[in-house]
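The values are calculated or read from the model by the stated rules, or taken from the named source; none is laboratory data. For clarity, every value in this text was computed on a predicted model and none was experimentally measured. Note that each Cβ is placed from the backbone with ideal geometry, even for glycine, and that neighbours are counted across all protein chains shown. These accessible areas exclude ligands, DNA and RNA; they are computed on the full protein's heavy atoms, side chains included. Shrake-Rupley method; radii C 1.70, N 1.55, O 1.52, S 1.80 Å.
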Amino acid sequence: MTSKKLLLAALLGASLAGSVAAQETLSSATADVGSAPHFVMTSMAGAAEAADLANVQVQEGQALTRVQLAVARGEMDMGTIPLVTTFLMRNGLAMFSDLGAEQGAELSNNLAAITGFNAGVYHPMVFAESGIETWDDIAGKRVFIGAPTGGAAVQVQQMIRLITGFEPGEDYEAVQLDWGGGVQGMLDGNIDMVVRPGTLPAGYVDRLTSAGPIRILGVPADVVAREDFTRFSNAPGTLPAAIPTDLYDTELVEVTNEGATMAIGLALVVNANMDEGLAYELTGAYIAGLDEMMSGTPWAANMGLESGTYGLSPVTGLKLHPGALRAWEEAGRDIPDHLR
């Protein structure tokens, strides 16, 4: 090789090495493919790589409470987490009771939000021929309530308790499996009812209706009107919502009680120690891609993506990362004081 070619090769190698060195490698995790949290996390990863900011490695199909712990402990750079579990961790409750309130609060302070979003609404589903026409009919039945150690299971058990007065293990069998296992269990005849969050529309509805018509049980109007249910549906990580009665093929899906249900708030979070400049650039790249995200996915318009603050209520204790705050404000969003 001539000296000129050697020089060119050396310069090219140095250029490529500099490009790789300039790009961060970030670890992240999220839920199953096809879910709202997976959509948000992979959209962020794509935006980061397109802007040459970072190579974001995404672990899929993860339990989000474990993702929350990993990010809080600095073992992972970012991930999607339920807002209800930020409240539970901060107070050392439910699946975080072994931490206690003091350690839970300390770990919670290590979490900072890039954005909040609507991960979907609870779909309580049974087959139309199951004989389950009202919530009281689930007595003695097997009900899928969510993934093991997940925040959804806590919410679903409380929803059932408020609607029926039923207790898990006494009045019905509460089944916890991975998210895909719940739907498969219903298809196999091993589960009578599945209650899980889903986008509007939710893809798993088509999977179930391939086996026969289904019924989605909305929350009865008299329950919705009660003060205790109002407090519950406005608790950390939830908001009142409804599944439109004509959202799905009405010959295959019956929606009762006007589809009254609850929306589930999640957040894309990073470790609070992330460099402010990096968090700012990552958030800016994510914001720049919002129009494409919402136009390219049919249910994305229902996710509250454009605000950046969906579901981030004061009671969760979660704040925006300073870099994310700056990016959202520069994009013209009004950010509440409790997120600063």
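Might you check whether a residue that is touching a residue at least 24 places away in the same chain (Cβ under 8 Å), open to solvent by 20 Å² or more (accessible area, probe 1.4 Å) and hydroxyl-bearing (Ser, Thr, Tyr) occurs anywhere in region 259-275?
Looking for residues that are touching a residue at least 24 places away in the same chain (Cβ under 8 Å), open to solvent by 20 Å² or more (accessible area, probe 1.4 Å) and hydroxyl-bearing (Ser, Thr, Tyr), one finds none in region 259-275, hence no.
Step by step: first the residues of region 235-247, then only those that are without any contact (Cβ under 8 Å) to a residue 60 or more places away in the chain and of a type outside the set (A, V, I, L, M), then the one that is most open to solvent (accessible area, probe 1.4 Å). Which residue is that?
Among those that are without any contact (Cβ under 8 Å) to a residue 60 or more places away in the chain and of a type outside the set (A, V, I, L, M), it is 246.
Would you please list the contacts, defined by Cβ atoms under 7 Å and residues six or more apart or on different chains, that run from a residue in region 303-322 that is in contact (Cβ under 8 Å) with a residue 24 or more places away in the chain to a residue that is β-branched (Val, Ile, Thr) and crowded, with 24+ Cβ neighbours inside 10 Å?
From region 303-322, the pairs are 308/115; 316/86; 317/86; 318/86; 321/114; 321/270.
Give region 180-223 a look and list any residue that's closer than 23 Å to residue 136 by Cβ and of a type in the set (Val, Ile, Thr), or say none.
191, 194, 195, 214, 216, 219, 223
Consider residue 144 carefully, then state whether it is within 23 Å of residue 206 (Cβ to Cβ), buried (at least 16 other Cβ atoms within 10 Å of the Cβ) and in contact (Cβ under 8 Å) with a residue 24 or more places away in the chain.
Here the answer is yes, as residue 144 does meet what is asked.
Mind counting the residues in region 232-261 that are part of a strand (DSSP E or B), over 17 Å from the mean Cα position of the chain (by Cα) and not hydrophobic (A, V, I, L, M, F, W, C)?
Qualifying residue count for the region: 1.
Does region 35-52 hold any residues that are of a type in the set (Val, Ile, Thr) and open to solvent by 20 Å² or more (accessible area, probe 1.4 Å), and which are they?
42, the sole residue that qualifies.
Are any residues in region 46-79 aliphatic (A, V, I, L, M) and either within 20 Å of residue 96 (Cβ to Cβ) or within 16 Å of the chain's Cα centre (by Cα) (or both), and if so, which ones?
Those that are aliphatic (A, V, I, L, M) and either within 20 Å of residue 96 (Cβ to Cβ) or within 16 Å of the chain's Cα centre (by Cα) (or both): 58, 63, 64, 67, 69, 70, 71, 72, 76, 78.
If you check 113, 105, which single one turns out to be more than 22 Å from residue 221 (Cα to Cα), of a type in the set (A, V, I, L, M, F, W, C), surrounded by 24 or more Cβ atoms within 10 Å (Cβ to Cβ) and in contact with a helix residue (DSSP H, G or I) (Cβ under 7 Å, 6 or more places away or on another chain)?
113
Please go through region 288-306 and pick out each residue that is part of a helix (DSSP H, G or I) and open to solvent by less than 30 Å² (accessible area, probe 1.4 Å).
290, 293, 300 - these are the residues of region 288-306 that are part of a helix (DSSP H, G or I) and open to solvent by less than 30 Å² (accessible area, probe 1.4 Å).
Against the definition (out of contact with any helix residue (DSSP H, G or I) (no Cβ under 7 Å at 6 or more places or on another chain), crowded, with 18+ Cβ neighbours inside 10 Å, more than 30 Å from residue 76 (Cα to Cα) and not small (Gly, Ala, Ser)), how does residue 250 come out, yes or no?
No: the conditions fail for residue 250.
Restricting attention to region 53-74, which residues are open to solvent by 60 Å² or more (accessible area, probe 1.4 Å) and in contact (Cβ under 8 Å) with a residue 40 or more places away in the chain?
Result: 66, single match.
Within region 29-54, work out how many residues are in contact with a helix residue (DSSP H, G or I) (Cβ under 6 Å, 6 or more places away or on another chain) and either modelled with pLDDT under 95 or among the polar types (S, T, N, Q) (or both).
5
Kindly indicate which of 152, 139 is over 20 Å from residue 207 (Cβ atoms) and aliphatic (A, V, I, L, M).
The match here is 139.
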